Amino acid sequence: MPRRTLPPPPPPAYLRTWQDRNALLHDRGMALEALRTQILGVHRILLLWLFALGCVVGWALLTVPLEMIEDHDVMAFVMVPLCAVLGLGALVPCVIGVVVGIRSDRKARELTDSWLALDSHPASDSALRSPGLSLCWLLSSLLVCALGLWASFAAAAYAEPGRDSYSDVALGMGTGLILWLTGLIGITKAVGHYRWAIRKLGPAPAANGAHR
């Protein structure tokens, strides 16, 4: 996924020029908030779905020649290379975008750890847990994952000989696989963020009045 400009890493100890702790906490808070948005922002999940849609379109174009070959269409000689180029042109950049996004998340997480290590400020650091955004990622990704599994199994289980061609089955199963992988990426990200928050920030504080 294309990434926004990430905050720079904290300067090494011999180059730090903060006048006092408040100045350090201010810059630290701004960097951590930018990184939190970069990792869990709603725009990221929308971008992931957009790339998934591009992969589905690319796969659909790649399956078009299969149907033409099955029907012994003479236009297959022209359409096979054309659809192959168009399909790969849509599919490959989207796959690359997802890989770039995963690497960007890893870099953003490393920067978050570096800024967190500078100091401790529980009052502002608690916002990094982002339970609402994590839950949004988890639930929406579970839905996409379930939709992908349904599409894959339905394409294979309900195909009727003579009515559904191999290209129809390939289209359904490929689309389902793309959706399943998209959902799996989102689930992994949500669970990974939860585990990171527990490890780095500790358990979430209990609600007031829950314990006496």
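Here are the numbers for this structure:
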| item | result |
| --- | --- |
| Segment 1-40, subset exposed (fewer than 10 other Cβ atoms within 10 Å of the Cβ) and hydroxyl-bearing (Ser, Thr, Tyr), residue farthest from Trp137 (Cα to Cα) | Tyr14 |
| Of the criteria (1) open to solvent by 70 Å² or more (accessible area, probe 1.4 Å); (2) free of Cβ contacts under 8 Å to residues at least 12 places away in the same chain, which one Leu135 fails | (2) |
| Residue list for segment 46-79, restricted to those being modelled with pLDDT of 85 or more and of a type in the set (Asp, Glu) | none |
| Cβ pairs under 8 Å, 6+ apart, first in segment 102-116 and open to solvent by 10 Å² or more (accessible area, probe 1.4 Å), second assigned to a helix (DSSP H, G or I) and among the basic types (Lys, Arg) | Asp105/Lys189; Asp113/Lys200; Trp115/Arg28; Leu116/Lys200 |
| Among the residues listed as Ala146, Ala156, the single one being at pLDDT below 90, open to solvent by 50 Å² or more (accessible area, probe 1.4 Å) and of a type outside the set (S, T, N, Q) | Ala156 |
| Only listed residue being hydrophobic (A, V, I, L, M, F, W, C), crowded, with 17+ Cβ neighbours inside 10 Å and either free of Cβ contacts under 8 Å to residues at least 40 places away in the same chain or touching a Cys at 6+ places or on another chain (Cβ under 9 Å) (or both), chosen from Val99, Val64 | Val64 |
| Qualifying positions in segment 182-206 - within 18 Å of Ile102 (Cβ to Cβ) and open to solvent by 60 Å² or more (accessible area, probe 1.4 Å) | Leu184, Thr188, Val191, Tyr194, Arg195 |
| Filter result (open to solvent by less than 80 Å² (accessible area, probe 1.4 Å) and either over 9 Å from the mean Cα position of the chain (by Cα) or under 18 Å from His193 (Cα atoms) (or both)) within segment 41-50 | Gly41, Val42, His43, Arg44, Ile45, Leu48 |
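The values are calculated or read from the model by the stated rules, or taken from the named source; none is laboratory data. Note that the structure is a prediction, hence the values are computed from the model and not measured. When we count neighbours, we look across all protein chains shown, and the Cβ atoms used for this are built from the backbone with ideal geometry, even at glycine. Accessible surface is based on the protein model in full, side chains and every heavy atom, while ligands, DNA and RNA are left aside. Shrake-Rupley method; radii C 1.70, N 1.55, O 1.52, S 1.80 Å.
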